[in-house]
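Undergrad: The structure follows.
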């Protein structure tokens with residue numbers, strides 16, 4: 001009988017622990033929520049105090065500037081308007097600069113950089129002839145790079161592999177020289 005009483009006592013103690021634990025958890029959640037609310041209120045109060053202080057400092061600075069330079073300091077409420085024609089000419093100049101940058105990159109055989117520059121130039125000004133011609137020139141440059149790498153594939157495999165890799169990364173899969181470079185890479 002003693003064993004059964006001990007078991008019953010243990011069960012009662014276990015149930016009491018569970019009840020106490022649940023009450024403790026609820027109390028901690030409640031305290032935590034109260035702390036969060038109090039922290040949020042303090043933060044709002046501090047932010048408001050900061051805003052008021054900075055407004056005061058800003059106004060004091062403006063007043064000081066107005067006192068020292070009464071003729072020079074005036075509030076103006078005008079908006080500068082850039083004409084459409086001026087904006088278009090700026091865009092055209094930017095597009096031309098990008099296209100010329102693309103040509104430089106193309107001469108350096110940086111096909112990816114050239115392609116990006118030409119694409120950006122065309123995006124800005126779709127009628128930019130330099131960029132359009134540059135896009136067409138990429139294929140011709142790729143052709144010359146392919147034949148250069150093809151010629152050195154036996155003597156300088158590392159350089160040939162590098163050129164073929166650049167061609168594969170840069171050209172579209174529909175390009176003849178993409179297919180050739182891919183095949184040459186597989187052979188190396």
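The values are calculated or read from the model by the stated rules, or taken from the named source; none is laboratory data. Just so it is clear, the model here is predicted, and its values are computed rather than measured. Note: ideal-geometry Cβ built from the backbone for every residue, glycine included; neighbour counts use all protein chains shown.
Undergrad: Taking the residues in region 87-122 that are within 24 Å of residue 168 (Cα to Cα) and loosely packed, with under 14 Cβ neighbours inside 10 Å as candidates, determine which candidate is farthest from the chain's Cα centre (by Cα).
TA: That would be 107.
Undergrad: Can you name the residue in region 144-171 that is outside any helix (DSSP H, G or I) and in contact (Cβ under 8 Å) with a residue 24 or more places away in the chain and, of all such residues, is nearest to residue 116 (Cα to Cα)?
TA: Ranking the candidates gives 171 first.
Undergrad: Go through region 144-177 and count every residue that is touching a helix residue (DSSP H, G or I) at 6+ places or on another chain (Cβ under 6 Å) and surrounded by 15 or more Cβ atoms within 10 Å (Cβ to Cβ). Before you say what the answer is, go through the steps one by one.
TA: First, pick out the residues of region 144-177 that are touching a helix residue (DSSP H, G or I) at 6+ places or on another chain (Cβ under 6 Å): 145-146, 149, 152-153, 160, 163-164, 167-168, 170-171, 177.
Subset that is surrounded by 15 or more Cβ atoms within 10 Å (Cβ to Cβ): 145-146, 149, 153, 160, 163-164, 167-168, 170-171, 177.
Residues in region 144-177 being touching a helix residue (DSSP H, G or I) at 6+ places or on another chain (Cβ under 6 Å) and surrounded by 15 or more Cβ atoms within 10 Å (Cβ to Cβ): 12 in total.
Undergrad: Right, something else. What about residue 137, is it surrounded by 13 or more Cβ atoms within 10 Å (Cβ to Cβ), within 30 Å of the chain's Cα centre (by Cα) and modelled with pLDDT under 90? Spell out the reasoning first.
TA: Details: surrounded by 13 or more Cβ atoms within 10 Å (Cβ to Cβ): yes; within 30 Å of the chain's Cα centre (by Cα): no; modelled with pLDDT under 90: yes.
Spelling it out, it is not the case that residue 137 is surrounded by 13 or more Cβ atoms within 10 Å (Cβ to Cβ), within 30 Å of the chain's Cα centre (by Cα) and modelled with pLDDT under 90.
Undergrad: Here is a further query. Suppose the filter is within 30 Å of residue 131 (Cβ to Cβ) and modelled with pLDDT of 75 or more; does residue 94 pass it?
TA: Taking the combined requirement at face value, the residue satisfies it.
Undergrad: If you don't mind, another one. Does residue 98 count as in a helix (DSSP H, G or I) and within 23 Å of residue 165 (Cβ to Cβ)?
TA: Answer is no for this residue.
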